[in-house]
Every structure is written in C-alpha cells, then in structure tokens.
C-alpha cells in the first residue's frame with residue numbers, strides 16, 4: 001500500500017524587516033544560511049515533494065538553496081504579505097497531495113522527525129482533520145499541516161501578511177499533535193535571537 005501523498009511548502013519569500021537591512025534568511029547559522037537549515041530538514045523528512053517560495057532577494061536565496069532537490073517558485077507579489085506566498089506554494093504542489101506542511105524559512109531548529117511525524121499523523125487520521133498543529137509545552141507552533149481539500153476556499157481568500165492561523169482559530173477539526181522538542185517554537189526574528197541559537201552548545 002502506497003503512502004498518501006503529502007507535500008511541503010517552504011516559505012522563503014519574506015523581507016524579515018525586524019531582522020534589519022540584511023536578508024534574514026541568508027544569515028549564517030553554523031556555517032549555513034538560515035533558510036538552508038529548514039530546506040534540508042524538509043528534504044531529510046522524506047515526507048513528500050518540497051516547494052520553496054522565493055521573493056525578497058530571490059537570486060541570493062536561490063543560490064543559498066543550490067543543489068537541493070526543491071521546486072523553486074517565484075512569488076512576484078511577496079511584498080503583499082505571507083498569504084500570497086502561501087497560495088503560490090500550495091498551487092505548485094501536486095493535486096494529489098491533500099496534506100500540505102507549511103514550513104517557515106526562519107525556523108532552523110525544526111527536525112526532520114517533527115515534519116515526518118506530522119505527515120504520518122495526517123495519513124493515520126480518520127476522519128481527516130482540517131489541520132494538524134505541533135504542540136510543545138502547551139504551546140502551538142510550526143510547521144502546520146493543512147488539509148487542502150477541507151480548507152481550499154478559505155486558503156484562496158487569505159490576504160495580507162498572515163498565514164493560516166486566522167482560518168484555523170476556533171475550528172473543532174484541528175488536531176493538536178504532541179511535538180518531541182522545542183524546535184516547533186523557535187523562529188528567528190532578530191539578530192539577537194540568531195546569536196542566541198549560535199551560542200548554544
């Protein structure tokens with residue numbers, strides 16, 4: 001029996017204005033650009049095809065992802081907010097992939113195991129939830145798995161600089177999934193946060 005298709009969308013188009021003038025996703029962490037950590041975790045999970053959405057500094061981000069088995073999609077409307085990048089990435093996934101794991105390019109501590117766990121939870125669920133959200137120490141984090149069949153119309157209507165959070169709020173068919181570490185809560189918004197990660201043993 002073949003596994004139900006699941007796809008991954010790596011959001012790597014944003015400007016990261018809180019980080020400063022330099023492109024956040026290209027900042028170095030342990031000898032690699034921040035965005036490459038997330039991309040390598042997505043590929044190592046072997047959960048399904050990975051689409052990376054590019055926008056701000058796209059030529060440099062493309063170079064940072066060179067050699068990885070990704071489908072690269074340019075979002076010319078990235079300045080209009082995260083919703084446009086989410087929609088561009090979802091549109092590029094195979095139609096057969098009912099589940100789409102949305103991975104943020106500024107989350108370098110997300111493990112392949114966490115990503116794979118979300119995919120496995122979706123495949124095992126009956127009935128299928130609208131979304132699966134990792135939870136660590138009582139807090140919801142990322143990446144989030146979205147059910148494209150259930151949420152298609154809502155996702156198409158998203159606008160502005162937001163992800164799927166508003167359309168998931170209050171839904172009874174969102175499954176909380178226990179994550180096995182804090183990587184689901186670690187995103188890098190400022191140089192200080194990046195420095196703190198680099199200082200960890």
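Read-outs throughout are calculated quantities, based only on the coordinates presented, and are distinct from any laboratory measurement. Only a predicted model underlies this, so the values are computations on that prediction, with no experimental measurement involved. Please note: Cβ atoms are built from the backbone with ideal geometry, for glycine as well, and neighbour counts cover all protein chains shown.
Taking only Cα atoms, what is the 0 to 90° angle, nearest 10, from helix 148-157's long axis to the longest principal axis of the chain?
50
May I ask for the Rg/Rh ratio of the range 120-201, computed from Cα atoms with Rh as the Kirkwood radius, given to two decimals?
On the Cα set of the range 120-201, Rg over Rh gives 1.04.
Per DSSP H run of at least 4 residues, take -39500 (n - 2.57); add these up for the chain, divide by its residues and hand me the 222 nm value, nearest 500 deg cm²/dmol.
Mean residue ellipticity, 222 nm, calculated: -9000 deg cm²/dmol.
In whole Å, what are the extents of the chain along the principal axes defined by its C-alpha atoms, from largest to smallest?
45, 38, 34
Could you work out the relative contact order of the chain, using alpha carbon pairs under 8 angstrom and six or more residues apart, expressed as a whole percent?
So the answer I get is 25 percent.
Helix 34-44 sits at what angle to the longest principal axis of the chain, using alpha carbons and giving 0 to 90 degrees rounded to 10?
Tilt relative to the chain: about 40 degrees.
If I fit a long axis through the Cα atoms of helix 82-92 and take the longest principal axis of the Cα atoms of the chain, what angle between them do I get, 0 to 90°, rounded to 10?
60
Determine, for 82, 193, the number of other Cβ atoms within 10 Å of each Cβ, and report the residues in order from fewest to most.
193, 82
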